[in-house]
Amino acid sequence: MDESLDNNKMDLVTRCIDLSENRLCIMPKRENTITPERLRSFFSRFSASWVYSKILTLGVSVYERDRRYEDAVRILKTLLSTVACDRRRGYWALRLSIDLEHMGRPNESLSTAEGGATDPWVRAGSKFALQRRVLRLSKPPRRWKVPSYADYVKRNIREVSIEGRPLNCETGAKNVFYGYDGELCGVEQLALQYYADEGGGWQGTHSEGSIWMTIFGLLMWDVMFSDIQDVFQSKFQTAPLDLGTDDFYKSRENIAESQLKRIRDGMAEEMLISSWELHQGTSCQGVNWARYSLTDLRAVVACVGGHRLASLLRHLAVDYRSWSSGMPDLLLWRFLDERGGGEAKLVEVKGPRDQLSEQQRAWILVLMDFGFDVEVCKVSPVTKRR
């Protein structure tokens with residue numbers, strides 16, 4: 001399938017899609033439903049049904065690109081009816097709702113979105129996107145009752161606007177601006193310079209979540225590499241096989257909560273130093289030894305605070321796969337006094353014509369719930385008059 005797509009051999013692509021659809025439909029139902037008694041869920045990616053469903057997911061994109069919405073809808077309905085326990089159900093439900101609307105079937109589109117929004121396997125950005133679709137499509141007289149999540153989804157996200165002198169204003173071109181120092185830079189670097197100067201004297205990094213993955217790996221190292229049956233099949237693994245599944249937290253709840261309690265009690269910096277000294281240079285999924293210094297990581301941990309940090313790390317531990325992407329671009333910190341008191345801020349940076357993705361919106365609202373200072377920084381070109 002991958003080779004055929006790369007080489008634009010559409011006849012082979014169609015054959016792969018048809019074969020996968022037929023095989024998935026005739027598989028026994030038990031093959032597609034992973035139960036604890038039968039098979040550890042993290043092995044599901046090595047099953048035939050996972051491979052066929054992956055091919056069909058690619059096939060949906062092919063049909064949508066060609067506006068063959070009836071074919072896309074048929075495949076999406078097949079996937080949702082045959083593969084019960086899969087994180088991709090959110091993507092499938094969202095695409096099905098969108099394609100049904102394209103076909104002029106708004107009532108069915110709404111019902112699909114409502115079902116997806118309550119599906120326990122639909123998480124993070126996909127769930128948020130489906131909830132927003134429900135609110136948009138469920139105006140009276142289709143629906144009179146307002147969903148319980150309406151107020152949450154409609155919450156205001158604080159915005160800050162800054163101006164920069166652009167190198168070019170071409171539609172579709174990457175946004176390049178002249179920075180405060182006169183050098184060319186992207187919107188994220190321009191925002192970093194703004195926050196370091198007139199924005200409040202912040203230090204910071206453009207990390208898009210990688211610094212949080214590094215902190216998670218260091219502070220939860222003993223949790224990740226605890227002795228759990230079947231999760232390590234090779235000594236060359238950089239993470240347990242169940243890291244991206246619900247089993248990860250469930251199998252380690254006691255040790256995870258013990259670590260999180262220590263973080264809430266203000267021991268995060270001490271734990272970070274100890275983990276760094278014990279494991280420096282050892283490969284671990286998410287940990288970037290080269291990019292971040294121990295000094296910066298200690299500053300972040302100190303300024304974020306134990307309760308907020310513990311809430312964020314627990315969120316990742318419970319559902320690492322759904323939440324390991326889409327975090328705000330910038331992590332900023334500053335110390336308020338010589339005794340070490342500090343504060344932190346997270347900023348999502350958007351250039352002209354850029355919009356927040358559903359995953360980014362979902363993350364921002366979660367971070368607000370945890371008590372983080374979060375905002376969106378919108379960069380726009382300096383007006384000609386100015």
Hey, among the residues in region 312-327 that are in a loop (DSSP other than H, G, I, E, B), touching a helix residue (DSSP H, G or I) at 6+ places or on another chain (Cβ under 7 Å) and open to solvent by less than 30 Å² (accessible area, probe 1.4 Å), which one's nearest to Tyr91 (Cα to Cα)?
Gly326
Cβ-Cβ distance below 7 Å, separation of 6 or more or different chains: which pairs start in region 177-193 with a residue that is open to solvent by 30 Å² or more (accessible area, probe 1.4 Å) and end on one that is of a type in the set (A, V, I, L, M) and in a loop (DSSP other than H, G, I, E, B)?
Tyr178/Leu167; Leu184/Leu167; Leu184/Val176
Would you kindly identify the helices (runs of 4 or more DSSP H) lying entirely within region 2-80 that contain at least 1 residues that are closer than 29 Å to Leu241 by Cα and at pLDDT 85 or above?
2-6, 10-26, 48-65
Scan region 227-248 and tell me whether some residue there is modelled with pLDDT of 90 or more, open to solvent by less than 60 Å² (accessible area, probe 1.4 Å) and touching a Cys at 6+ places or on another chain (Cβ under 8 Å).
yes
Among all residue pairs at least 6 apart or on different chains, which show Cβ distances below 8 Å where the first residue, located in region 1-29, is open to solvent by 80 Å² or more (accessible area, probe 1.4 Å) and the second is among the small types (Gly, Ala, Ser) and part of a helix (DSSP H, G or I)?
Arg23/Ala48
Is it true that Ala299 is open to solvent by less than 20 Å² (accessible area, probe 1.4 Å) and in contact with a strand residue (DSSP E or B) (Cβ under 6 Å, 6 or more places away or on another chain)?
yes
Of all residues being without any contact (Cβ under 8 Å) to a residue 60 or more places away in the chain and of a type in the set (Asp, Glu) in region 362-386, which is surrounded by the fewest Cβ atoms within 10 Å (Cβ to Cβ)? Just the residue, please.
Asp369
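Let's see how each residue does on (1) open to solvent by 10 Å² or more (accessible area, probe 1.4 Å); (2) touching a residue at least 24 places away in the same chain (Cβ under 8 Å):
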position: Glu64; (1), (2): yes, yes
position: Asp86; (1), (2): yes, yes
position: Ser111; (1), (2): yes, no
position: Val122; (1), (2): no, yes
position: Arg158; (1), (2): yes, yes
Would you check which residues across region 208-226 are open to solvent by 10 Å² or more (accessible area, probe 1.4 Å), of a type in the set (Gly, Ala, Ser) and assigned to a loop (DSSP other than H, G, I, E, B) and list them?
Ser226
Limited to region 342-361, what total is found for residues that are open to solvent by 30 Å² or more (accessible area, probe 1.4 Å), more than 18 Å from the chain's Cα centre (by Cα) and within 28 Å of Arg298 (Cα to Cα)?
1
Which numbered condition Ala299 misses (of (1) out of contact with any helix residue (DSSP H, G or I) (no Cβ under 7 Å at 6 or more places or on another chain); (2) touching a residue at least 24 places away in the same chain (Cβ under 8 Å); (3) outside any helix (DSSP H, G or I); (4) not β-branched (Val, Ile, Thr)):
(3)
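The values are calculated or read from the model by the stated rules, or taken from the named source; none is laboratory data. Just so you know, these numbers come straight off a predicted model, no measurement behind them. A quick note on method: Cβ atoms are made from the backbone with ideal geometry, for glycine too, and the neighbour counts reach across all protein chains shown. When the accessible area is computed, the model is the full protein with side chains, heavy atoms only, and any ligands, DNA or RNA have been set aside. Shrake-Rupley method; radii C 1.70, N 1.55, O 1.52, S 1.80 Å.
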